[in-house]
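Below you'll find the structure, written out as structure tokens, and then a few comments.
Just so it is clear, none of the values below were taken in a lab; they were calculated from the coordinates. Just so it is clear, the structure is predicted and the values come from calculations on it, not from any experiment. Note: ideal-geometry Cβ built from the backbone for every residue, glycine included; neighbour counts use all protein chains shown.
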Amino acid sequence: MNKKIAIIGGGNLGMAMAEGLVNSHFIKPEHLVVTKRNISTLKSLETKGVMVSNDNAEAIRYAEWIILAVKPFQIKEVLASLQPLLDPQKHVLVSVVTGVWIKDIQEIVGDRFAVFRAMPNTAIAIQQSMTCICAHQASEEQIQYVSALFDQLGRSVFIEEKLMDAATVLGACGTAYAMRYIRANIQGGIEIGFSAATASLIAAQTVKGAAELLLQKNTHPEQEIDKVTTPKGCTIAGLNEMEHQGFSSSLIKGIVTSYKKIVDDM
């Protein structure tokens with residue numbers, strides 16, 4: 001796959017994507033260009049052979065795949081400046097800009113482009129993102145390429161664009177929900193005798209292991225729960241007490257509340 005990629009916007013997300021793609025050997029460093037107004041912060045990429053530039057136009061002329069990773073308030077200005085240089089026969093657009101719909105991009109560049117909208121989460125920094133993707137006017141080859149690209153940065157799934165707000169809650173806000181669960185686990189661990197550092201290690205690795213069980217074995221959570229809940233045991237006693245206190249219902253209500261907040265603010 002000797003395709004050339006330009007990442008327009010070398011902030012935290014753009015940097016994380018670039019580093020992940022290079023570290024995984026998905027792309028040769030010299031086939032990747034990252035742009036930012038202040039390129040001094042991109043030195044770590046440059047030392048790996050990645051091209052860095054403060055000239056978006058130069059990057060567009062070089063690459064076929066254009067990843068838009070700017071801030072939401074910058075997207076209209078950036079796209080408007082790039083529009084005269086974009087060629088639907090050459091370029092494919094991939095937006096990772098929060099809250100920007102495919103129709104918003106089309107209003108500026110036209111409707112002849114293959115456009116992808118992707119929503120990674122913060123774990124992309126360690127190549128463990130859950131990225132939700134939707135596509136418009138893309139070929140099967142292009143879809144496979146984008147899927148392969150984001151699979152280098154974690155895992156990916158294609159969904160309908162109408163589900164992107166829901167994906168934001170489950171996949172992006174979900175990171176914070178998981179962190180809050182881990183934090184509570186740590187607090188409980190300290191209360192029953194562990195140091196903060198040891199409790200943190202046990203809690204984080206246990207959650208990681210639980211998640212990997214589901215991902216690798218493709219099982220339902222209840223199947224794995226059954227394996228550790230013995231009659232009259234401590235696990236079921238704890239689970240039942242959590243449910244009596246509203247554990248599952250409060251989490252579901254939180255997810256729905258976050259979703260309503262996104263919808264109401266649109």
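Key figures
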| read-out | value |
| --- | --- |
| Label zone at residue 61 (point 7 Å along Cα-to-Cβ), backbone N below 16 Å, the stretch 5-30 | 6 |
| Antiparallel %, DSSP beta bridges [both residues in the chain], to 5 | 15 percent |
| Of 156, 187, 146, farthest towards positive along the dipole that unit charges on Lys, Arg, Asp, Glu beta carbons give the stretch 79-214 | 187 |
| Two-site FRET efficiency, residue 90 against residue 224, from Cβ-Cβ distance with R₀ of 35 Å, rounded to 0.05 | 0.15 |
| √(5λ) per eigenvalue of the Cα gyration tensor, the chain, largest first, Å | 40, 21, 17 |
| Footprinting exposure proxy for 234, 132, 173 (fewest neighbouring C-beta atoms within 10 Å first) | 234, 173, 132 |
| The chain: relative contact order in percent, alpha carbon pairs under 8 Å with at least 6 residues between | 12 percent |
| Two-site FRET efficiency, residue 251 against residue 48, from Cβ-Cβ distance with R₀ of 45 Å, rounded to 0.05 | 0.65 |
| The stretch 170-265: equivalent-ellipsoid semi-axes (sqrt of 5 x gyration tensor eigenvalues, Cα, Å) | 24, 18, 16 |
| 25, 136 arranged by Cβ crowding within 10 Å, fewest neighbours leading | 25, 136 |
| Sequence-separation-based contact order of the stretch 58-202, relative, with Cα cut under 8 Å and 6+ spacing, percent | 16 percent |
| Nearby aspartates and glutamates by direct alpha-carbon distance to residue 227 (threshold 17 angstrom, same-chain neighbours under 8 apart not counted) | 212 |
| The chain: calculated mean residue ellipticity at 222 nm from DSSP helix runs of at least 4, using -39500 (n - 2.57) | -15000 deg cm²/dmol |
| Pairs beyond 20 Å (Cα-Cα), from 28/76; 36/71; 232/253; 162/260; 43/90 | 28/76; 232/253; 43/90 |
| Mean separation of Cα contacts under 8 Å, 6 or more apart, over the residue count of the stretch 35-77: relative contact order % | 34 percent |
| Between the stretch 125-189 and the stretch 69-98, the alpha-carbon center distance in angstrom | 22 Å |
